[in-house]
Amino acid sequence: MISILAKLRDIRLVRYGLASVGALAVDVGTFLGLMAAGTAAPLAAALGYAFGIVVHWLLSSRKVFHDQVAASGRARTQQKALFVISALAGLALTTAIVAAGDHVGIDPRIAKLAAIVASFTLTYLLRAKVVFQRGLD
């Protein structure tokens, strides 16, 4: 059993999934906390998403793609910008799927689940193939 767990730890997609869960927890926790404190829903959602992006960057750059992070300077700044762009692409895809589902009468919660899978796939591919590509230095 320990051998299986050790092998899973080495699988980049599994590590990315765990980083995504951590970022989602920060996103939703921030959103709910701010809502409970009386913050307007759109602002709470935006701040939650922003904190989630920061957490995802930290986890992705240190635990998922640690061997492909640009050292510093312009390359590192470019990598961070590409990471944010990938997050915004995921947000746009999520919004489009939920809006389309709602438009055709699908329960928004079901549409959101489909959007999570689609966004996870899109952002993983963008980050693995573009953001954390080798040779950005």
Exercise for the section: Being among the charged types (D, E, K, R) and surrounded by 13 or more Cβ atoms within 10 Å (Cβ to Cβ) is the filter; apply it to segment 29-77 and report the residue that is nearest to residue 128 (Cα to Cα). Expected result: 63
Exercise for the section: May I ask you to verify whether residue 122 is crowded, with 19+ Cβ neighbours inside 10 Å, out of contact with any Asp or Glu (no Cβ under 8 Å at 6 or more places or on another chain) and either in contact (Cβ under 8 Å) with a residue 40 or more places away in the chain or not assigned by TED's automatic domain parsing to the domain that holds residue 13 (or both)? Expected result: no
Problem - Selection from segment 26-69 of residues that are assigned to a loop (DSSP other than H, G, I, E, B) and small (Gly, Ala, Ser) - result: 37, 38, 40
Handout entry: Scope segment 108-120; condition at pLDDT 85 or above and of a type outside the set (A, V, I, L, M, F, W, C); matching residues
Key = 119
Fill in the blank from the handout: Taking segment 26-46 and keeping only residues that are hydrophobic (A, V, I, L, M, F, W, C) and closer than 14 Å to residue 87 by Cα, one is left with 46
Practice task
Kindly indicate whether any position in segment 11-27 is crowded, with 18+ Cβ neighbours inside 10 Å and among the hydroxyl-bearing types (Ser, Thr, Tyr).
Solution key: yes
Handout entry: residue 94 being in contact (Cβ under 8 Å) with a residue 12 or more places away in the chain, hydroxyl-bearing (Ser, Thr, Tyr), surrounded by 15 or more Cβ atoms within 10 Å (Cβ to Cβ) and not assigned by TED's automatic domain parsing to the domain that holds residue 14
Key = yes
Exercise for the section: Could you please tell me which pairs satisfy a Cβ distance under 8 Å, a separation of 6+ or placement on different chains, a first residue in segment 12-25 that is more than 22 Å from residue 49 (Cβ to Cβ), and a second residue that is modelled with pLDDT under 95 and outside any helix (DSSP H, G or I)? Expected result: 12/65
Practice task
Would you confirm whether any residue within segment 12-20 is within 22 Å of residue 80 (Cα to Cα), of a type in the set (Phe, Trp, Tyr), at pLDDT 90 or above and in contact with a Ser or Thr (Cβ under 9 Å, 6 or more places away or on another chain)?
Solution key: no
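The values are calculated or read from the model by the stated rules, or taken from the named source; none is laboratory data. Note that the structure is predicted; figures quoted are calculated from it, not measured. Heads up, the Cβs are rebuilt from the backbone with ideal geometry, glycines too, and the neighbour counts pull from every protein chain shown.
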